[in-house]
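Enquirer: Below are the structure tokens for one structure; questions will follow.
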Amino acid sequence: MRFQRVMLSGADVVKTLALSIFQMLFESSSKVLYQLNESLQHEVFKASNQYNQNYSERHGTLKVLGMREPIPLESVYIAVQFLDNNAVRRFETIEALENVYRQSQQRGFYNKVGNRKSGLEVANQTQYMMVLGGPGMGKSTFLRKVGLEILTSDRPHFQHDCIPVFIELKEFRSGDIDIEGAIANEFETCGFPYHQKFTRAALEQGKLLILLDGLDEVPSERMSEAIAKIRNFVDRYDKNRFIISCRIAAYRHNFRRFTDVEIANFDDEQICQFIQHWFADDAYKGQECWSKLISSDYAAAKELTHTPLLLTLTCLLYQRAGQFPTNRATLYEKALRTLLEEWSGEKGLPQASLYRGLDTKRKELMISKIAYDAFQNNRFFLSRRELASQIEHLLKEMLPDEPFVDGYAVLKSIEVQHGILVERAEGIYSFSHLTLQEFLTAQHIIDTRQNVQEVVVQHLVDHHWREVFLLLAGLQQADDLLLTMEKQAARLIQTPNLRNLLTWADHITTGSEGSYKPVVKRAIAMFLALDLAQALALDQARVRSLNLDIDRARNLALALDHTLTLNRALDLALVRALNLSRALDLVIDIAHKFEEIKIFHQVKFNVLIAWLDALKVKAPHYQKTLASRKAFIEQVHQTWLNALNLNREWINLSRSEVTALDQYLFANLLIVQCRRSAVWVSPQTWETIEDKIMRVHSACTTLS
């Protein structure tokens, strides 16, 4: 007959296991069972209840980053997922990592390679587990959670009856590294009788889950001793279950018995769940927070939230202010400060300083120079050798009195203490978040008074630098920056076609009745002109080779005026329509909408609509020849061109002209976004810039 094993409930696991340990202890001592008398049972029950209470109070709450009050860990805990650590280290060269990152077309560096598994699932399957991750990835939280799963729930996820013991390895900064003694102290504090004998018996019987948190927090001079003591302890008491946590930067695969797993960054589902849990008392605010994070305006901010620490910071800031900082640089600077200063303090770690004078500010200056140089060279990954060499060079300038600087030691210190630089593969590093590299790059430009004009000329239309420009605007008064950007953008409009097109948008909207600003009217006119250009290009099968993107003009108009509704339709309404008569209804509706907003001067939309109505009755059936359908569509397009006084040649752009116009629209959209991100821009400066956007300012401003 097979008996099904019944798991103990969370409330009973400690006292039931404790009683069984004492019974076996007395048996092994040749004592009779009745010595486990009622008085001793009562003492064990009381100590067991106290153990549960102590664990919940010490390890079941969360209070980080200046929280006013602790919160229950269970209220915000999101099930972590693990990656097979071999997947992380499969890259052998910087080029391989660079290629994978660029092909992913994602902002984040976080690893998506390999299968993800539930953390508790892996803990069930693995007797000896090494949990790896960067700062703030939730390693300690996971270890605490496994213990809580045993003690405070019916444990549908954890399937082993054992007593969890949570030991912070930073306790062994001084004194003997006595793991058994530390476990015994946990039981003594709760009043267990014969706590030392009880501890030894529990270990020998394999009744404990030993959670050793923060191997990286053992001082480096004691690391070898600590590793040896832990390995010997595990070998001696190998019937127990063990989970150890360590930062990736400090781990060198020292434990052969252990399965190495790495905590995966939060995915979008986990981020959303965390926010929902955090704002459980205000679901509307939680939904608002998530909606903003997934918007394009906060793409870089969202990158930070893939780690629990910085997601917690994000939620705290949003909870306190009811919004994200209007100046994006504020959020990123706070994230940097958290990693540089607050996190080691939160963990109670001493701020190791290898050299006198290597304070936080000098570290920041040094790291920002590294970030800038890499960004300037369009690099995301750096070798350990070149990083150490650059660190040594910079510190010799900063600390001239130091006779010898070890760049490798400083790199390791920064990696372990702050997690700003992360080893992605053997000997290959990157910044932990692209956002931090961008912020540090912008900070370096400000701190060193780098030539802003040079940066603008080199990188204005480089999409890779977009966030850096937004941060530059958020770190200083932005008048000079925006004026320089506008001047450089204007240089992109060189050919007669492009000049004529911008001049047309200006002339056709000047003096119109609509209530929008002139710059908004010009952007809308450009959007309509490019919509027609797209339609013509589709007819001519040229759109793919031209890569024409009319959404640039649309997004610029919307950025200039958020009240605007502007739908794209003309290029799709006819060319791909089977029923041309019905499609023409949509085109006529578009004409009505443009008539309503009144942005065009002396364009007779009533006449245009009448012409389109007249064409509607002539629309060929879908069974007609392709030539007849194309001829009809051409009539519709020409009708629009005539009504708008728009020369076909001005929108019959070459590939180089499309590229230049796309860059021009991108640059102007970035200028508008920088103004929104700026600390301050004088009204006079912005009025000057708005007057120049989407206009040709030269001697040649007449239509040719």
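The values are calculated or read from the model by the stated rules, or taken from the named source; none is laboratory data. Because the structure is a prediction, the values reported are computed rather than measured. Neighbour counts run over all protein chains shown; Cβ positions are idealised from the backbone, glycine included. To get the accessible areas, we keep the full protein, side chains included, count just its heavy atoms, and leave off ligands, DNA and RNA. Shrake-Rupley method; radii C 1.70, N 1.55, O 1.52, S 1.80 Å.
Enquirer: Where residues in the range 679-704 are at pLDDT below 90 and among the aliphatic types (A, V, I, L, M), which of them is nearest to residue 330 (Cα to Cα)?
Expert: 679
Enquirer: Run down 313, 317 and say which single residue is buried (at least 21 other Cβ atoms within 10 Å of the Cβ) and not aromatic (Phe, Trp, Tyr).
Expert: Of 313, 317, the one residue that is buried (at least 21 other Cβ atoms within 10 Å of the Cβ) and not aromatic (Phe, Trp, Tyr) is 313.
Enquirer: Right, another one. What do you reckon, is residue 678 closer than 30 Å to residue 487 by Cβ and touching a helix residue (DSSP H, G or I) at 6+ places or on another chain (Cβ under 6 Å)?
Expert: yes
Enquirer: Continuing with the same structure: Anything in the range 269-306 that is of a type in the set (S, T, N, Q), within 26 Å of residue 670 (Cβ to Cβ) and open to solvent by 50 Å² or more (accessible area, probe 1.4 Å)? List them, or say none. Full working, then the answer.
Expert: Pass one, the range 269-306, residues of a type in the set (S, T, N, Q): 270, 273, 276, 287, 291, 295-296, 305.
Right, trim to within 26 Å of residue 670 (Cβ to Cβ) and you get 291, 295-296, 305.
Result: 291, 296.
Enquirer: Being at pLDDT 90 or above, open to solvent by 10 Å² or more (accessible area, probe 1.4 Å) and either under 13 Å from residue 160 (Cα atoms) or assigned to a loop (DSSP other than H, G, I, E, B) (or both) is the filter here; which residues of the range 123-137 pass it? I'd like the intermediate steps shown before the answer.
Expert: Step one: of the range 123-137, the residues at pLDDT 90 or above are 123-132.
Going one step further and asking which of them are open to solvent by 10 Å² or more (accessible area, probe 1.4 Å), we end up with 124-128.
Once the filter is applied, which keeps residues that are at pLDDT 90 or above, open to solvent by 10 Å² or more (accessible area, probe 1.4 Å) and either under 13 Å from residue 160 (Cα atoms) or assigned to a loop (DSSP other than H, G, I, E, B) (or both), the range 123-137 yields 124, 125, 126, 127.
Enquirer: Go through the range 634-650 and report how many residues are open to solvent by 10 Å² or more (accessible area, probe 1.4 Å) and in a helix (DSSP H, G or I).
Expert: Residues that pass the stated criteria total 9.
Enquirer: Give the residue, chosen from 45, 26, that is modelled with pLDDT under 85, among the aromatic types (Phe, Trp, Tyr) and surrounded by 13 or more Cβ atoms within 10 Å (Cβ to Cβ). Spell out how you get there, then give the answer.
Expert: Working: 45 fails: modelled with pLDDT under 85.
Just one listed residue meets the conditions, 26.
Enquirer: Tell me, which residue of the range 86-102 that is over 12 Å from residue 428 (Cα atoms) and of a type outside the set (Gly, Ala, Ser) is modelled with the lowest pLDDT?
Expert: 86
Enquirer: Here's a follow-up. Yes or no: residue 502 buried (at least 23 other Cβ atoms within 10 Å of the Cβ), aliphatic (A, V, I, L, M), in a helix (DSSP H, G or I) and touching a residue at least 60 places away in the same chain (Cβ under 8 Å)?
Expert: Here the answer is yes, as residue 502 does meet what is asked.
Enquirer: Given the criteria within 30 Å of residue 107 (Cβ to Cβ), free of Cβ contacts under 8 Å to residues at least 40 places away in the same chain and of a type outside the set (Val, Ile, Thr), does residue 262 qualify? Break it down stepwise before answering.
Expert: Numbers: within 30 Å of residue 107 (Cβ to Cβ): yes; free of Cβ contacts under 8 Å to residues at least 40 places away in the same chain: no; of a type outside the set (Val, Ile, Thr): yes.
Against the criterion (within 30 Å of residue 107 (Cβ to Cβ), free of Cβ contacts under 8 Å to residues at least 40 places away in the same chain and of a type outside the set (Val, Ile, Thr)), residue 262 does not qualify.
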